[in-house]
Amino acid sequence: MEYSTIANEEVLQKGKSRLEGLSETEATQRNKQYGRNQLKDYRPTVFLIFWRQISGNPLALILSVAAAVSFFTGDHNTAYYVISMVILSLFLGFWNEYSAEKTVEALLAKISLTALVLRNGDKREILVSKLTLGDIVLLSPGSIVPADLRLIQTENLEINESALTGESLPLFKNSDPLLRKEQEITKLLNLAFMGTAVTEGSGIGMVVAIGQDTEFGKIAKSVATARPVTKFQQGLGSFGVLIVKTIIVLTIIVFLVNAFLGHQWLTSLLFSLAIAVGLTPELLPIIVTVGLSRGAKKMAKKEVITKQLVAIENLGNMDILCTDKTGTLTEGSIKVIGHFDLAGKDDAHLLELALLCNSALVRHKITGNSIDVALCQHAIKEKIKAPAWQKIFEEPFNFETQVMYSVVKKPGGKPLLIVKGAPEKIIKKCMESHLAEKKVNERFTELSKQGLRVIALATREIKLQDRYSFDDLKDLTFRGFIILSDIPKASVKSALDRFNLLGVGIKVITGDNEIVAEAVCKEVGMKVTGVITGEKLARLSHVELAKTVNEINVFARISPEQKLLILKTLRDNGHTVGFIGDGVNDVPSLHCADVGISVNTAVDVAKDAAQVVLLRKDLGVIVSGIEEGRRTFVNTLKYILMGAGSNFGEMLSAAGASFFLPFLPMSPAQILLENGLYDLSQIPITSDRVDEELTTKPKNWDMWLNCKKLLLKVADYHIL
């Protein structure tokens with residue numbers, strides 16, 4: 001915070017840096033001096049994992065006490081058997097959880113976060129962990145701020161600081177020194193903090209704090225997110241509570257009856273405890289961990305990285321997948337294929353105007369809005385450069401207005417307002433005749449039906465003003481169309497067929513117009529059940545909305561807020577919802593979905609928010625992940641039904657026999673040994689094959705249904 005009140009030149013002097021950045025030698029020396037730019041690893045230590053096995057296994061504690069009592073009362077054999085089984089169970093639990101943590105750690109290493117920095121004046125992309133004090137960092141839309149920065153230059157820079165403050169609205173940032181020292185983060189407008197996300201604009205900042213010394217680092221431990229509790233985990237928890245209650249009741253009954261019948265109280269106690277252990281599917285946590293870990297490794301081979309093992313279950317249970325059109329149904333490589341005036345003639349000047357009204361950042365690679373990136377790439381290919389006009393003002397693309405605009409000034413000329421965006425929005429702001437408007441709409445509809453994306457350009461001369469707003473967009477002159485194409489993926493049709501077989505519905509949510517969206521969906525073989533625009537969606541009542549999101553599968557002209565509303569409504573309707581997102585505006589939806597899915601090429605903030613990251617943006621990759629998630633789910637249920645069913649049948653038989661025999665039918669050591677050996681034999685279930693019919697529909701944990709199946713298993717055991 002001490003950097004906030006000093007001028008930019010002093011900032012560089014104080015940080016012993018310069019605007020062109022550090023040299024590689026300086027950066028290496030500072031890395032050695034100050035350490036790496038990474039937060040303390042709060043993943044569980046070896047000791048913590050081992051402690052979880054003890055504290056999370058009350059039966060193990062009870063058995064340990066029973067073993068100690070047996071030993072001191074002279075029954076050494078029973079004590080040795082009991083303590084051996086306890087140690088074996090704890091060791092297996094420890095080893096499998098430790099292996100699972102290592103699996104996640106290895107998978108996360110494949111998802112690298114990088115930062116764009118200046119080193120000796122050259123732009124370089126380096127790992128965030130290699131940043132050091134004094135480094136000059138370049139910020140652009142979608143990037144996560146990699147360290148605490150004192151901003152030196154900004155251009156319409158907006159940063160979302162909700163990770164630190166909880167405030168969802170982004171803050172405008174600048175590089176002006178503050179008049180006085182401030183303590184509140186929201187008032188430090190010339191500082192950018194680690195972990196916050198750039199939503200608009202660009203900036204350059206010098207690193208003033210790294211790792212644990214950052215504001216984020218100071219509170220990282222307290223804000224560390226807990227693992228999500230999935231529906232499967234809730235079901236397991238309910239099942240576990242039911243078993244514990246059953247065990248307590250049966251243990252007390254068995255102990256009291258045997259003591260009443262004259263058996264030694266210590267032997268009766270050990271026998272009743274052994275019965276309790278025998279009833280328990282004690283390796284259930286191990287089976288779940290092994291299954292999830294195995295599933296994560298197999299999914300990684302299919303280019304699906306699970307950041308959290310528990311996300312595998314939700315991926316398998318998913319019955320609706322919400323996705324964008326660009327990059328999933330299409331190749332995601334938008335290309336400019338033409339620029340025409342109203343008469344249909346090619347007009348290269350339209351591209352020059354589009355470059356003057358463009359938010360893409362041309363650095364070592366072109367980044368930003370996909371359409372603006374495509375325009376820049378096309379201009380480079382055609383060797384067309386933007387005129388050297390002064391840019392006075394720029395308003396980035398807005399999802400509500402569906403346009404962006406800028407004010408530029410030709411040397412010696414008057415300021416010119418350039419507007420670029422959705423044709424149907426721009427034509428309403430133009431002063432063309434009704435006939436011209438009809439011609440524009442006809443041409444727009446004709447191109448859209450071909451699956452082509454169309455943007456329009458309009459201009460007008462404007463006076464110099466202190467600030468410009470959307471109200472200035474009037475009396476425009478329509479200049480023409482720029483036509484873009486995004487080829488549908490050849491692999492999408494087969495992927496959609498597989499989704500259909502798996503009982504997963506696909507819903508396309510896009511910002512594109514409804515004609516293009518429907519045309520592309522039909523071209524890839526998707527059955528369109530209905531199309532609705534964001535404008536119509538906003539007019540629906542709560543009841544109508546709930547019905548509409550279930551029935552319709554193409555949503556066009558949708559804003560980020562509406563995208564979030566669609567996901568929430570689907571979840572309220574009882575669906576397990578997956579969502580694919582790769583942009584800044586997708587982050588709220590990634591958090592809202594039951595399973596947020598991003599891609600390794602997405603902006604950093606989207607990868608950070610997702611539970612699952614794809615190494616390749618392809619619907620077919622997700623299908624493989626769903627199938628693996630369902631196999632893991634089914635194999636876990638197999639163990640529960642097999643293990644618990646046989647255990648209940650055997651232990652109830654032993655307990656019942658003890659009421660009528662003058663001796664105990666099995667010694668505690670025999671029960672524990674037999675039960676332990678049987679449970680160990682069940683571990684390979686995690687790699688068992690699964691019948692195809694068991695993976696064709698989403699699976700959800702139903703405790704009472706599975707209890708019914710369990711009782712049938714017990715009945716079968718007694719009949720046999």
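The values are calculated or read from the model by the stated rules, or taken from the named source; none is laboratory data. All figures in this text were calculated on a predicted structure; none of them were measured in a lab. Positions of Cβ are backbone-derived with ideal geometry, glycine not excepted, and every protein chain shown enters the neighbour counts.
Output the residues belonging to the range 668-694 that are closer than 19 Å to SER293 by Cα, touching a residue at least 60 places away in the same chain (Cβ under 8 Å) and touching a Lys or Arg at 6+ places or on another chain (Cβ under 9 Å).
Hits for the range 668-694 are GLN682, ILE685, THR686, SER687, VAL690.
In the range 463-491, which residues are over 36 Å from the mean Cα position of the chain (by Cα) and surrounded by fewer than 18 Cβ atoms within 10 Å (Cβ to Cβ)? Give the derivation first.
Within the range 463-491, the subset over 36 Å from the mean Cα position of the chain (by Cα) is 463-468, 471-481.
Passing the criteria: LYS463, LEU464, GLN465, ASP466, ARG467, ASP471, LYS474, ASP475, THR477.
Could you please let me know if ASP716 is over 30 Å from the mean Cα position of the chain (by Cα), surrounded by fewer than 18 Cβ atoms within 10 Å (Cβ to Cβ) and at pLDDT below 70? Let's see the steps before the verdict.
Numbers: over 30 Å from the mean Cα position of the chain (by Cα): yes; surrounded by fewer than 18 Cβ atoms within 10 Å (Cβ to Cβ): yes; at pLDDT below 70: yes.
Considered against the rule, which asks whether it is over 30 Å from the mean Cα position of the chain (by Cα), surrounded by fewer than 18 Cβ atoms within 10 Å (Cβ to Cβ) and at pLDDT below 70, ASP716 comes out as yes.
Going by the conditions given, is GLU395 under 34 Å from the mean Cα position of the chain (by Cα), at pLDDT below 90 and more than 27 Å from GLU331 (Cα to Cα)?
Values: under 34 Å from the mean Cα position of the chain (by Cα): yes; at pLDDT below 90: yes; more than 27 Å from GLU331 (Cα to Cα): yes.
Yes; evaluated as a whole, the condition is true for this residue.
Given the conditions (1) closer than 29 Å to ALA379 by Cα; (2) among the hydrophobic types (A, V, I, L, M, F, W, C); (3) outside the structural domain of PRO411 (by TED's automatic domain parsing), report the number of the one that PHE470 does not fulfil.
(3)
Of the residues LEU484, LEU502, LEU473, which single one is under 19 Å from ASN553 (Cβ atoms) and either at pLDDT 85 or above or touching a strand residue (DSSP E or B) at 6+ places or on another chain (Cβ under 8 Å) (or both)? Even if it seems obvious, please write down each step before you answer.
Numbers: LEU484 fails: under 19 Å from ASN553 (Cβ atoms); LEU473 fails: under 19 Å from ASN553 (Cβ atoms).
Testing whether each residue is under 19 Å from ASN553 (Cβ atoms) and either at pLDDT 85 or above or touching a strand residue (DSSP E or B) at 6+ places or on another chain (Cβ under 8 Å) (or both) leaves just LEU502.
Can you give me the number of residues within the range 539-570 that are surrounded by fewer than 16 Cβ atoms within 10 Å (Cβ to Cβ) and at pLDDT below 90?
1
Select from the range 614-643 the residues that are basic (Lys, Arg) and buried (at least 21 other Cβ atoms within 10 Å of the Cβ) and write down the one among them that is nearest to THR196 (Cα to Cα).
Taking the candidates together, the pick is LYS617.
When you go through THR548, THR529 one by one, which is the residue that is within 24 Å of ALA495 (Cα to Cα) and in the same structural domain as PHE579 (by TED's automatic domain parsing)? Lay out the reasoning, then the answer.
On the way: THR548 fails: within 24 Å of ALA495 (Cα to Cα).
It is THR529.
Can you name the residue in the range 644-665 that is modelled with pLDDT of 75 or more and part of a loop (DSSP other than H, G, I, E, B) and is also surrounded by the fewest Cβ atoms within 10 Å (Cβ to Cβ) among such residues?
By that ranking, first place goes to PHE660.
For the range 378-397: of the residues being in contact (Cβ under 8 Å) with a residue 24 or more places away in the chain and out of contact with any strand residue (DSSP E or B) (no Cβ under 6 Å at 6 or more places or on another chain), which is farthest from LEU416 (Cα to Cα)? Explain how you work it out, then say what you get.
From the range 378-397, those in contact (Cβ under 8 Å) with a residue 24 or more places away in the chain are 378-379, 382, 384-387, 389, 391-397; that's our starting set.
Next, from what is left, pick out any that are out of contact with any strand residue (DSSP E or B) (no Cβ under 6 Å at 6 or more places or on another chain): 379, 382, 384-387.
Values: ALA379: 21, GLU382: 25, ILE384: 20, LYS385: 18, ALA386: 14, PRO387: 13 Å.
Filtering the range 378-397 for residues that are in contact (Cβ under 8 Å) with a residue 24 or more places away in the chain and out of contact with any strand residue (DSSP E or B) (no Cβ under 6 Å at 6 or more places or on another chain), the one farthest from LEU416 (Cα to Cα) comes out as GLU382.
Of the residues that make up the range 596-613, is at least one at pLDDT below 80 and surrounded by fewer than 18 Cβ atoms within 10 Å (Cβ to Cβ)? Spell out the reasoning first.
Of the range 596-613, the ones at pLDDT below 80 are 600-609.
Still in the list and also surrounded by fewer than 18 Cβ atoms within 10 Å (Cβ to Cβ): 600-601.
Looking through the range 596-613, at least one residue is at pLDDT below 80 and surrounded by fewer than 18 Cβ atoms within 10 Å (Cβ to Cβ).
Would you mention how many residues in the range 551-565 are out of contact with any strand residue (DSSP E or B) (no Cβ under 8 Å at 6 or more places or on another chain) and not in a helix (DSSP H, G or I)?
Pass one, the range 551-565, residues out of contact with any strand residue (DSSP E or B) (no Cβ under 8 Å at 6 or more places or on another chain): 551, 559-561, 564-565.
If we keep only those that are not in a helix (DSSP H, G or I) as well, we get 559.
Looking only at that region, the number is 1.
Quick one: would you say GLY121 is surrounded by 14 or more Cβ atoms within 10 Å (Cβ to Cβ), more than 15 Å from GLU200 (Cα to Cα) and modelled with pLDDT of 80 or more?
Details: surrounded by 14 or more Cβ atoms within 10 Å (Cβ to Cβ): no; more than 15 Å from GLU200 (Cα to Cα): yes; modelled with pLDDT of 80 or more: yes.
No; evaluated as a whole, the condition is false for this residue.
Scan the range 328-339 and report the pairs whose first residue is in contact (Cβ under 8 Å) with a residue 12 or more places away in the chain and whose second residue is in a loop (DSSP other than H, G, I, E, B) and of a type in the set (A, V, I, L, M), with Cβ atoms within less than 6 Å and a gap of 6+ or a chain change.
Hits for this filter: LEU329/VAL524; GLU331/ILE487.
Hey, could you check the range 428-440 for residues that are at pLDDT below 85 and in a helix (DSSP H, G or I) and say which is nearest to LYS563 (Cα to Cα)?
To start, the set of residues in the range 428-440 that are at pLDDT below 85 comprises 428, 431-440.
Next, only the ones that are in a helix (DSSP H, G or I) stay: 428, 434-440.
Working: LYS428: 26, HIS434: 34, LEU435: 36, ALA436: 34, GLU437: 31, LYS438: 31, LYS439: 32, VAL440: 29 Å.
It comes out as LYS428.
Go through (1) surrounded by 13 or more Cβ atoms within 10 Å (Cβ to Cβ); (2) at pLDDT 85 or above one by one and return the number of the condition VAL257 breaks.
(2)
List pairs: first residue in the range 188-206 and farther than 11 Å from LEU157 by Cβ and in the same structural domain as GLU10 (by TED's automatic domain parsing), second residue outside any strand (DSSP E or B) and among the aromatic types (Phe, Trp, Tyr) anywhere in the structure, Cβ distance under 6 angstrom, at least six positions apart or on different chains.
MET194/PHE216; GLY195/PHE216
Can you go through LEU242, LEU283 and tell me which one is surrounded by 14 or more Cβ atoms within 10 Å (Cβ to Cβ) and modelled with pLDDT under 70?
On the way: LEU242 fails: modelled with pLDDT under 70.
After ruling out the rest, the residue left standing is LEU283.
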